[in-house]
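Trainee: To start, I am sharing the structure in question, which I have written as structure tokens.
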Amino acid sequence: MADLLPLADAQYRLLALATPLAEEQATLAGATGRWLSANIKARVDHPFADLSAMDGYAIRFGELPGPWRVVQEVAAGAVPSGPLGPGKAARIFTGAPIPAGADTILIQEEAARDGDTLRLSGEGPPAKGAHIRRRGSNFVAGATVLGAGERLTPARIGLAAMAGHAALPVRRPARVALLSTGDELAPPGTQLRPGQIYESNADMLGAMLATGPVIGDRKPLTCDHSVNLTNAIEAAAADADILVTTGGASVGDHDLVRPALEAAGARLDFWRVAMKPGKPLMAGRLGNCVVLGLPGNPVSAFVTALLFLKPLIAALGGAADPLPRTVRLPLGAPLPANGPRFDFLRAAIADGAVHPLATQDSGALLALAQADALLLRPPHAAAAEPGMFADVLIIA
Ligand code: AMP
Ligand code: MG
């Protein structure tokens, strides 16, 4: 086991190979899912004035329980016609600015109106200032509302728009070349010859990368032949930021990816990681390209892509926090003590607990497809009982 690199060391060493890509401006739609390359400041106060949070009447709290005379009406998008004098009220709607002089909103459900005369009909506002959103209570102009390295989630895109930005500074998308290798592989949907199987890693990884920010480039299937493999690697790396190979990563006679990478001029940083599934995993540099050699077993390819490829894309994209986020859940079943490798068990989440699936074979894509999560078992983890908490990576 001595030559197996601990998972966290391997992730750290891979991310150390990544330099964030060049900056560009993207529209809000185009920036979604990417990472900010600079802090973003608000261009306006929000709210821009003291606004009503409800449909009702703007009044003075001290004049409760009324009556008042309704002398003006303010809707969202309008401005008050003037300040509110004593004994006066303004009909007001959600999002409309409060007239000067008013300090409280009487909601319409607790008001009775007869012509211009307004009376309290319910309990009334609980305190002075009720149902008013104060100017700048969300953010003020000049305040930093989003930080460099933050991922642009839908809520953050909305915040950027609210703060007055139509475009945001991000990093250009990573160009990712995908190269599947193996004599036995045939494209899905074709007629299989004896000994062939359908190739599934490229479509699976392509789907994983569809959330971006990536320009994917799927290369033709490559057979287990050193010269062909070296040529395919050289060609694919030439115009990619990341070259991902799958298959041929072990040490069998037909596992030619490592020598082919080296023949193409790659400098490998590591090639064996203490994890299960996914032990044969190679990472290094080839020119300006980071190369990542994933194992061919479909479940291993998925798990290593999640733990290495996605974080690498995030690091190139300028993410402050590129590694996947785990949550803690109680175990729904007992677990035996773990061996020396970091294990990622395929698991279901049900009734607020995480349950390992019966099938844990690294070729069993059916079980992975049925899993909601990977259940993390660190090296040498002690046996665990139901109800004890474990780290979980949601994949569904
Ligand atoms: P390898 O890493 O090449 O030794 O492959 C390990 C196992 O994964 C073998 O059973 C391969 O047939 C299978 N495999 C390799 N690449 C793929 C792929 N792209 N799609 C589906 N299965 C694959
Ligand atoms: Mg193979």
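The values are calculated or read from the model by the stated rules, or taken from the named source; none is laboratory data. Bear in mind that the values here come from a model prediction, so they are computed numbers and not experimental data. With ideal geometry, Cβ positions are generated from the backbone for all residues, glycine too; neighbour counts draw on all protein chains shown. Heavy atoms of the whole protein, side chains included, go into the accessibility calculation; ligands, DNA and RNA do not. Shrake-Rupley method; radii C 1.70, N 1.55, O 1.52, S 1.80 Å.
Trainee: Please specify each residue of region 349-395 satisfying the condition of being part of a loop (DSSP other than H, G, I, E, B), of a type in the set (A, V, I, L, M, F, W, C) and loosely packed, with under 14 Cβ neighbours inside 10 Å. Even if it seems obvious, please write down each step before you answer.
Mentor: First, the residues of region 349-395 that are part of a loop (DSSP other than H, G, I, E, B): 351-352, 357-364, 371-372, 378-383, 385-388, 395.
Checking which are of a type in the set (A, V, I, L, M, F, W, C) leaves us with 357-358, 364, 371, 381-383, 388, 395.
358, 382, 383, 388, listed by residue number.
Trainee: Any chance you could count how many residues in region 213-272 are of a type outside the set (Asp, Glu), touching a helix residue (DSSP H, G or I) at 6+ places or on another chain (Cβ under 8 Å), open to solvent by 50 Å² or more (accessible area, probe 1.4 Å) and part of a strand (DSSP E or B)?
Mentor: So the count comes out to 3.
Trainee: Just for region 39-58: of the residues that are in contact (Cβ under 8 Å) with a residue 60 or more places away in the chain and part of a strand (DSSP E or B), which one is surrounded by the fewest Cβ atoms within 10 Å (Cβ to Cβ)?
Mentor: Initially, region 39-58 is screened for residues in contact (Cβ under 8 Å) with a residue 60 or more places away in the chain, giving 39-54, 56-57.
Filter once more, keeping what is part of a strand (DSSP E or B): 40-41, 46, 51-52, 56-57.
Details: 40: 22, 41: 15, 46: 21, 51: 23, 52: 26, 56: 25, 57: 25.
Looking at residues that are in contact (Cβ under 8 Å) with a residue 60 or more places away in the chain and part of a strand (DSSP E or B), I get 41.
To keep it simple, each residue is scored yes or no on (1) open to solvent by 40 Å² or more (accessible area, probe 1.4 Å); (2) not assigned by TED's automatic domain parsing to the domain that holds residue 213.
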{"site": "162", "(1), (2)": "yes, yes"}
{"site": "166", "(1), (2)": "yes, yes"}
{"site": "185", "(1), (2)": "no, no"}
{"site": "195", "(1), (2)": "yes, no"}
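Trainee: While we're on this one: Within region 61-103, track down each residue that is crowded, with 19+ Cβ neighbours inside 10 Å and either in a loop (DSSP other than H, G, I, E, B) or not assigned by TED's automatic domain parsing to the domain that holds residue 128 (or both).
Mentor: 66, 80, 84, 96, 98, 99, 102, 103, listed by residue number.
Trainee: Continuing with this model, one more query. Search region 296-306 for residues being open to solvent by 10 Å² or more (accessible area, probe 1.4 Å) and part of a helix (DSSP H, G or I), and hand back the single one that is nearest to ligand 1 (Cβ to nearest atom). Show your work before the answer.
Mentor: Restricting attention to region 296-306, the residues satisfying the condition of being open to solvent by 10 Å² or more (accessible area, probe 1.4 Å) are 296-298, 302, 306.
Imposing the further condition that a residue be part of a helix (DSSP H, G or I) reduces the set to 298, 302, 306.
Details: 298: 5, 302: 11, 306: 16 Å.
Only one residue fits best here, namely 298.
Trainee: Considering only region 129-150, I want to know if a residue exists there that is in contact with a Pro (Cβ under 6 Å, 6 or more places away or on another chain), within 16 Å of ligand 1 (Cβ to nearest atom) and at negative phi. Explain how you work it out, then say what you get.
Mentor: First, pick out the residues of region 129-150 that are in contact with a Pro (Cβ under 6 Å, 6 or more places away or on another chain): 133, 135.
From what is left, the residues that are within 16 Å of ligand 1 (Cβ to nearest atom) are none.
There is no residue in region 129-150 that is in contact with a Pro (Cβ under 6 Å, 6 or more places away or on another chain), within 16 Å of ligand 1 (Cβ to nearest atom) and at negative phi.
Trainee: Report the residue count in region 263-272 for those that are modelled with pLDDT under 95 and either farther than 22 Å from residue 231 by Cβ or not aliphatic (A, V, I, L, M) (or both).
Mentor: Here is the first cut: in region 263-272, the residues modelled with pLDDT under 95 are 268-272.
Now drop any that are not either farther than 22 Å from residue 231 by Cβ or not aliphatic (A, V, I, L, M) (or both), which leaves 269-272.
Within region 263-272, residues that are modelled with pLDDT under 95 and either farther than 22 Å from residue 231 by Cβ or not aliphatic (A, V, I, L, M) (or both) number 4.
Trainee: Another question, then. I want to confirm something. Restricting to region 179-199 and keeping residues that are of a type in the set (S, T, N, Q) and within 15 Å of residue 301 (Cβ to Cβ), which single residue is nearest to ligand 2 (Cβ to nearest atom)?
Mentor: We begin by selecting, within region 179-199, every residue of a type in the set (S, T, N, Q); these are 180-181, 190-191, 196.
Still in the list and also within 15 Å of residue 301 (Cβ to Cβ): 180-181.
On the way: 180: 10, 181: 6 Å.
Looking at residues that are of a type in the set (S, T, N, Q) and within 15 Å of residue 301 (Cβ to Cβ), I get 181.
Trainee: Pairs, please: C-beta under 7 Å, at least 6 apart or cross-chain, first residue in a strand (DSSP E or B) and in region 170-185, second more than 15 Å from ligand 1 (Cβ to nearest atom) and among the hydroxyl-bearing types (Ser, Thr, Tyr)?
Mentor: Close Cβ pairs (under 7 Å, with a partner that is more than 15 Å from ligand 1 (Cβ to nearest atom) and among the hydroxyl-bearing types (Ser, Thr, Tyr)) amount to 170/37; 171/37.
Trainee: Quick check on region 183-211: of everything there that is among the acidic types (Asp, Glu) and more than 26 Å from residue 313 (Cα to Cα), which residue is nearest to ligand 1 (Cβ to nearest atom)? Break it down into steps so the answer makes sense when it comes.
Mentor: First pass over region 183-211, keeping only residues among the acidic types (Asp, Glu): 183-184, 199, 203.
Cutting the leftovers down to more than 26 Å from residue 313 (Cα to Cα) gives us 183-184.
Working: 183: 9, 184: 5 Å.
For region 183-211, the residue satisfying everything is 184.
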